[in-house]
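These notes concern the structure reproduced below.
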There are 2 protein chains.
Amino acid sequence: MPVSPLFRRIDVAPAYQKVADAIEREIVSGRIKPGDPIGTELELVRQFGVNRSTVREGIRVLEEGGLLRRDSSRRLQACLPRYNKLATRLSRALVLHEVTFRELFEASMTLEVASTECAVERATEEDIAELADNLARSERVIGDAAALAECDADFHMLVAKASHNRVLQLAREPAAQLFFPTTEMIVSHVAQGASRLVEAHRHLLEAIQRRDKAAGVQWTRRHLQDWRRGFERIASLDRSVEHMYMEHAQAVRHK
Amino acid sequence: MPVSPLFRRIDVAPAYQKVADAIEREIVSGRIKPGDPIGTELELVRQFGVNRSTVREGIRVLEEGGLLRRDSSRRLQACLPRYNKLATRLSRALVLHEVTFRELFEASMTLEVASTECAVERATEEDIAELADNLARSERVIGDAAALAECDADFHMLVAKASHNRVLQLAREPAAQLFFPTTEMIVSHVAQGASRLVEAHRHLLEAIQRRDKAAGVQWTRRHLQDWRRGFERIASLDRSVEHMYMEHAQAVRHK
DNA sequence: CAAATCTACTTTGTCCGACAAACTGATAAA
DNA sequence: TTTATCAGTTTGTCGGACAAAGTAGATTTG
C-alpha cells in the first residue's frame, strides 16, 4: 500500500520549458484569449525572473506549437493555432513513417466521403458560392497541371469547411496535404485526367446544391477512384510517400 | 506580363529559423535518419557560423516539432515524431477553437467505424492478443472510473493500430484524446455505464476475431451511441469542449 | 585481471552584457 | 496635410562566462 508522501515530486524541467508551460497554461485555460498581447520579452524576463535567452527559448517552443505569434510589429500575442499549419507537422510525420499511398487512399476515402455527407446536409449559400467560384477557376486553368492541382486541393478543403465539422476538417488535412503533389503528376500524365477532375467537381457541387447525399457520395467515390487509377498508371499504391514530397509542403508553408 | 526578375527574393528569415529549416530539410529528405546523432551544439555553432543562443533557439523549434530529441545523455538526435505527441497539439487546437461535442461525436463515428472495418480485415494475432489483454484489464478495474476510462482509450487506440492504416490512426487521435475525460465522467455518473462499455468491447473484439465486419461496425456504433446517450444525461452535445480538458491532456503528456 | 574510484574534459542549461536593425510615437519642417 | 527627423523600445544576434551533469580515461583496489 502506498504511503502518502511527505514531499511533492520535485519538478526538474528546464527553465525554458517551465516558461513555455506557464504561458501555455494561461492560453489553453482561456485566461489569455487569442489576440491578447503577451508582454515584451523584457517584461517576461521580469515576471519569470529568468534570463532573456531562456525566455526566448520558451517563446520558440510556443511559436512552433502555434499558440504564440508575433504581430506586424513583432510583438508577441496569443493566437488560435491554424489547422493547416499544424497539419503540416502531421504530414511530415506521415512521410517520415513512410506511410503508403494505399493507406492514404483508404483513409481519404473515408474522410472525404464523410465530409461530403456533412456538406450536403449543411452547406450554406456562402459555402456553395465559394465552391462555385473554385469550379470556375478550375475551368479556366484546366490546361495548367500545377494550378489545377491547387484548385483541387482547395475544392476539397472547401467541401470540408462546408461540412461545418471542424474535427473532420482537421482530421482530413494531413492526408489531403500529401495528396496534393500527386494530383499534379496525375493530371499532367493522364489524358483526360484534368477534364474528369473538373467534371467530378461539377457533379459534386451540383449534388451539394440539390442536397442529394447519394449523388454527393457517389461522385466523391468516383473522383477518388479516378485518382487511384491515375496514380496506379504511374506508380504502385504500396509505395511509401516519398521524402521529396515534403519539399513541396515546405514551399507552401513558407509562402 | 511578368518581367523575368533580375534579383532573387531576398531571404529575410531570422537565423534561428534558417538553422531549424536546414536541419529539418536533412531529416525530412531522409539524408539524416531517425536515430542518427546531430552534432553537439558547439559543432552546430561551427557549422552554421552563428551564436550558440541562435542554434539553441533553432533546436527548440525542432524539438517541439518532434523531429529532434535528446537521448539519455542529452545529446541531440533525429527522431520519428510520435503521433500522440503531435495529436496533443491538435487536441489543444480543437479546444481553443471551441469545437462542440457534437462535432467530436460525428467525426468519431466516422473514424472509429472506419478503424473497426480495417481492423476486422487485417488484425493480426498479436493485435487480437493485445485487445484481449486490454479487455481483461477492463474487467478487473470495472469499478474504477478513471482506470476504466484509460482502458477504453487504449482499447480504441489498439483497434486503430489493428487497422494497420497509420493515416487513419493519426486522424482519429486528436478526437480520441478529447473523448477520454468524458468517458470517465459518464462511467461514474451513469448506472451500468461501465458494464455496457465492457460488454461493447467484448462484442467488438469477438467480431474482429470472427472477421465479422457487420458485427464490428454495429458494436462500434452502439458503443458510441452509448457514449452519446450517457453524455446527454450530463450535458448538451452542443457545448464546446472546455478549456479545462487540456489540463488532463497535459498531465498525460508530462508523465 | 576485473571492478570500483577518481579525475580531467565535454556538453548542456543558464546567465550577463552588448549592439545593430527595425519599429514606435512624437515632433519639426515643407 | 504630408513628409522628414529623431529619440526611445524591442527584437535578433553576438561574445563570453559558469555550474551541474555526463563521459572517458587513468588509477587504485580487491
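Some notes on this structure:
- Which numbered condition B:A114 misses (of (1) among the hydrophobic types (A, V, I, L, M, F, W, C); (2) at pLDDT 95 or above; (3) within 30 Å of A:P34 (Cα to Cα)): (3)
- In region B:90-104, the residues that are crowded, with 21+ Cβ neighbours inside 10 Å and either facing another protein chain (nearest Cβ under 9 Å) or farther than 30 Å from B:H243 by Cα (or both): B:L90, B:R92, B:A93, B:L94, B:V95, B:L96, B:V99, B:E103, B:L104
- Listing of helices (runs of 4 or more DSSP H) fully contained in region A:138-255 that carry 2 or more residues being at pLDDT 90 or above: A:145-162, A:166-189, A:193-210, A:213-234
- Verdict on B:V50 being near DNA strand D (Cβ under 9 Å from one of its atoms) and either in contact with a Gly (Cβ under 7 Å, 6 or more places away or on another chain) or charged (D, E, K, R) (or both): no
- From A:L42, A:L68, residue being surrounded by 20 or more Cβ atoms within 10 Å (Cβ to Cβ) and on the phi < 0 side of the Ramachandran plot: A:L68
- Yes/no for A:V50 being over 14 Å from B:R60 (Cα atoms), of a type outside the set (D, E, K, R) and open to solvent by 20 Å² or more (accessible area, probe 1.4 Å): yes
- Some residue of region A:154-174 being in contact with a Cys (Cβ under 8 Å, 6 or more places away or on another chain) and surrounded by fewer than 23 Cβ atoms within 10 Å (Cβ to Cβ): yes
- Count of region B:107-126 residues which are more than 14 Å from chain A (Cβ to nearest Cβ) and free of Cβ contacts under 8 Å to residues at least 60 places away in the same chain: 3
- Meets criteria (away from DNA strand C (no atom under 16 Å from the Cβ), at pLDDT 90 or above and open to solvent by 60 Å² or more (accessible area, probe 1.4 Å)) for A:E63: no
- Exactly one residue among B:V187, B:V217 is away from chain A (no Cβ under 14 Å) and either out of contact with any Leu (no Cβ under 6 Å at 6 or more places or on another chain) or not small (G, A, S) (or both), and that residue is B:V187.
- From the list B:D21, B:D71, the lone residue that is at pLDDT below 90 and within 13 Å of DNA strand D (Cβ to nearest atom) is B:D71.
- Of all residues assigned to region B:217-227, none qualifies as being within 24 Å of the chain's Cα centre (by Cα), farther than 18 Å from B:T110 by Cα and among the β-branched types (V, I, T).
- Any hit, region A:147-165, residues being of a type in the set (K, R) and without any contact (Cβ under 8 Å) to a residue 12 or more places away in the chain: no
- Search result, residues across region B:187-198 that are open to solvent by less than 70 Å² (accessible area, probe 1.4 Å) and over 14 Å from B:D144 (Cβ atoms): B:V190
- Residue in region B:69-76 that is polar (S, T, N, Q) and within 19 Å of the chain's Cα centre (by Cα) present: no
- Qualifying residue in region A:122-130 (condition: in a helix (DSSP H, G or I), more than 15 Å from the chain's Cα centre (by Cα) and surrounded by 23 or more Cβ atoms within 10 Å (Cβ to Cβ)): no
- Looking only at residues in region B:38-56 that are of a type outside the set (S, T, Y) and more than 10 Å from DNA strand C (Cβ to nearest atom), the one that is nearest to the other protein chains (Cβ to nearest Cβ) is B:V50.
The values are calculated or read from the model by the stated rules, or taken from the named source; none is laboratory data. Note that the structure is a prediction, hence the values are computed from the model and not measured. As a convention, Cβ positions derive from the backbone with ideal geometry for all residues, glycine included, and neighbour counts pool all protein chains shown. Please note that ligands, DNA and RNA were not included when accessible areas were found on the heavy atoms of the full protein model with its side chains. Shrake-Rupley method; radii C 1.70, N 1.55, O 1.52, S 1.80 Å.
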